[in-house]
Amino acid sequence: MHSVRVPIPAYAHRLLLDDIVVLHYSALRPTALAAKLRWYSVIENVRGTCPWVFKRRLRYVMHVNFTGAGRVERSPAEWFRGWEDAGIDMRTVAQEQYHWYDFEVLRHFNEHGARKFWLDDIWRFDWEACRLHAKRQNIAGVPDAPVKAPPRALVLAMRVLSLLHRIQRRVRHRLTGRSGPRFA
């Protein structure tokens with residue numbers, strides 16, 4: 001899922017470009033970003049591609065600074081001009097309550113049971129309200145029965161253990177001189 005889409009041969013030359021700018025809308029749609037990260041966690045759980053839950057919880061968290069070492073600044077109008085001249089609205093960002101990622105997670109709940117995902121960091125979201133919305137919209141594959149969320153004590157315990165895991169990784173990286181992940 002998070003891999004190069006086109007294989008690059010070992011002998012291929014690399015072209016490094018200094019003046020490339022990425023215009024990314026994810027920070028403008030925080031609920032969509034959160035939905036995508038929840039879905040990624042569930043997919044990795046189902047596929048077994050990241051079987052250790054604390055690594056998954058570290059990988060798909062909402063406190064990450066996605067600008068990394070970059071910077072956020074205003075975008076020049078000319079970056080939008082060609083798109084807008086073609087009739088594409090580049091400035092309106094739709095805000096939805098639920099996203100297709102959420103409905104996919106509900107389908108996984110239906111297929112595997114919500115309990116399979118109790119340790120994943122996806123429970124700061126009202127899955128039952130989402131399920132009811134999906135049912136009203138006749139979205140196929142979502143559970144008929146209410147979503148059984150994990151006990152609050154388990155959610156809290158996992159948050160504390162995840163925090164401890166992040167701290168020990170940071171300390172370990174500092175002691176070994178490895179560069180650690182770029183988040184607080």
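Read the figures in this text as sums done on the coordinates, not as results from a lab. Just so it is clear, the model here is predicted, and its values are computed rather than measured. Cβ sites come from the backbone with ideal geometry, for glycine too, and all protein chains shown count toward neighbours.
Considering only Ile88, Ile43, Ile122, the Gaussian network model of the chain with Cα springs below 10 Å gives its largest mean-square fluctuation to Ile88.
Put simply, the chain fits an ellipsoid with semi-axes of 31, 27, 17 Å; these come from the alpha carbon gyration tensor as the roots of five times its eigenvalues, largest first. In the chain the longest region clear of GluC sites (Glu not before Pro) that are loop-assigned by DSSP and have at most 11 other C-beta atoms within 10 Å covers 97-184. When the charge dipole of the chain is built from unit charges on Cβ atoms (+1 for Lys and Arg, -1 for Asp and Glu) and taken about the Cα centre, the candidate among Leu28, Ala114, His13 whose Cα reaches farthest toward its positive end is Ala114. When the chain is treated as a GNM with alpha-carbon contacts under 10 Å, the residue of Val160, Val105, Val21 showing the greatest mean-square fluctuation is Val21. For the chain, a crude dipole built from +1 on the beta carbon of Lys and Arg and -1 on the beta carbon of Asp and Glu, taken about the Cα centre, is about 1140 debye to the nearest 20.
Comparing Tyr25, Tyr40, Tyr11 in a Gaussian network model of the chain (Cα springs below 10 Å), the most mobile by mean-square fluctuation is Tyr11. Summed over qualifying helices (DSSP H, 4 residues or more, each -39500 (n - 2.57)) and divided by its residue number, the chain shows a 222 nm mean residue ellipticity of -14000 deg cm²/dmol.
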